Structures are given as structure tokens and as C-alpha cells.
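Working notes for the structure below.
The values are calculated or read from the model by the stated rules, or taken from the named source; none is laboratory data. Keep in mind the model is a prediction, meaning the values are calculated, not measured. Cβ placement follows ideal geometry from the backbone for every residue including glycine, while neighbour counts extend to all protein chains displayed. Surface areas here come from the heavy atoms of the whole protein model, side chains and all, with no ligands, DNA or RNA. Shrake-Rupley method; radii C 1.70, N 1.55, O 1.52, S 1.80 Å.
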Amino acid sequence: MATRKQDDRNSGVLETEHGKIRPPRLYKVLLLNDDFTPMDFVIVVLEKFFGFGREQATLIMLKVHREGRGLCGVYPRDVAATKVDQVSAFARQNQHPLACVMEEN
Ligand code: TYC
């Protein structure tokens, strides 16, 4: 049976009511393609917020460009939400429409 926190879908749940531990839910963070954000800016985002090197960042950017979306990483909910907020704020500050979203894994 689920604890209250699990019913809340709270990412901090680590225990069932029987004391069994279980891992937190994980969330994918994705970048979405658009027609306006410069490719170089997307590469900088992948380096700055997700820790990729230039080569891997370029491959991910090209995948998003060609396929419409691409995976940046998988994180607990609070970490994923922070990434989405940081990337969205950075894109907005630089006046690019780049979209970053999260979805349950
Ligand atoms: N499609 C953009 C262009 O041609 C590049 C781009 C790649 C934009 C990835 C967003 O998440 C993105 N300049």
C-alpha cells in the first residue's frame, strides 16, 4: 500500500508503509526543436546545464534539429524541474524560443 507521499506523487518518497525502500520516480528532461534558436546556442545549453562536452552536445543538438526532440538527461523530479527552469530562463534572457520540458520516465 502506498504512503501519503506516494499518493502526492512527491519525488521524496523513499519508503512504503512496510518500511521497504524504493527509488524515487525519475523524469526525462527534453529539448524541443524550433526554427529560430541558433544551433550554437543549443550546444551551449547542453554544455552549461547538462555537462556534455562539445562533441556530444553537437550530436544531441542535431538529433533535436532532425527529429523534433531529444533527451538531455534523467533526474529525480526536483532536479528535472530545476533544469527546465534554468534552461527556460537562460533562453528567455537571450530572446530565443527554445523549449525545455520534463516527462515521467
Ligand atoms: N532548428 C534550429 C535551427 O535550425 C536549431 C535547434 C536545434 C533549435 C535544437 C532548437 O532544441 C533545438 N537553427
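All other residues with a Cβ under 15 Å from the Cβ of PHE50 taken together, and with Lys, Arg as +1 and Asp, Glu as -1, what is their net charge?
+3
Each residue of region 55-60 was assigned a 3J(HN,Hα) from its phi angle through the Karplus expression (A = 6.51, B = -1.76, C = 1.60, θ = phi - 60°), giving 5, 5, 4, 5, 4, 5 Hz with x at Gly and Pro. Only helices enter this figure: runs of n ≥ 4 DSSP H residues, each worth -39500 (n - 2.57), summed and divided by the residues of the chain, yield -14000 deg cm²/dmol at 222 nm to the nearest 500.
Relative to the globular-protein estimate of 2.2 N^0.38 Å, the Cα radius of gyration of region 47-105 stands at 1.11. Accessible surface area normalised per residue over the chain is 63 Å², counting heavy atoms of protein chains with a 1.4 Å rolling probe.
About its Cα centre, the chain has a charge dipole of approximately 220 debye under the convention of +1 per Lys or Arg Cβ and -1 per Asp or Glu Cβ, with nothing else charged. Compute the helix-to-body angle for 39-50: its Cα long axis versus the longest principal axis of the chain, expressed 0 to 90° and rounded to tens. So the helix axis and the longest Cα principal axis differ by about 30 degrees.
Using a 1.4 Å probe over the heavy atoms of the protein chains, calculate the carbon and sulfur portion of the accessible area of the chain as a whole percent. So the carbon and sulfur contribution to the accessible surface is 52 percent.
Helix 77-93 and the longest principal axis of the C-alpha atoms of the chain enclose an angle of approximately 20°. Neighbours of LYS28 by Cβ distance under 15 Å: Lys/Arg scored +1, Asp/Glu scored -1, total +1. Extension gain for GLU104 to ASP34 (0.36 nm times residue separation, less C-alpha to C-alpha distance): 22.9 nm. The equivalent ellipsoid that matches the C-alpha gyration tensor of the chain spans semi-axes of 32, 13, 11 angstrom, in descending order.
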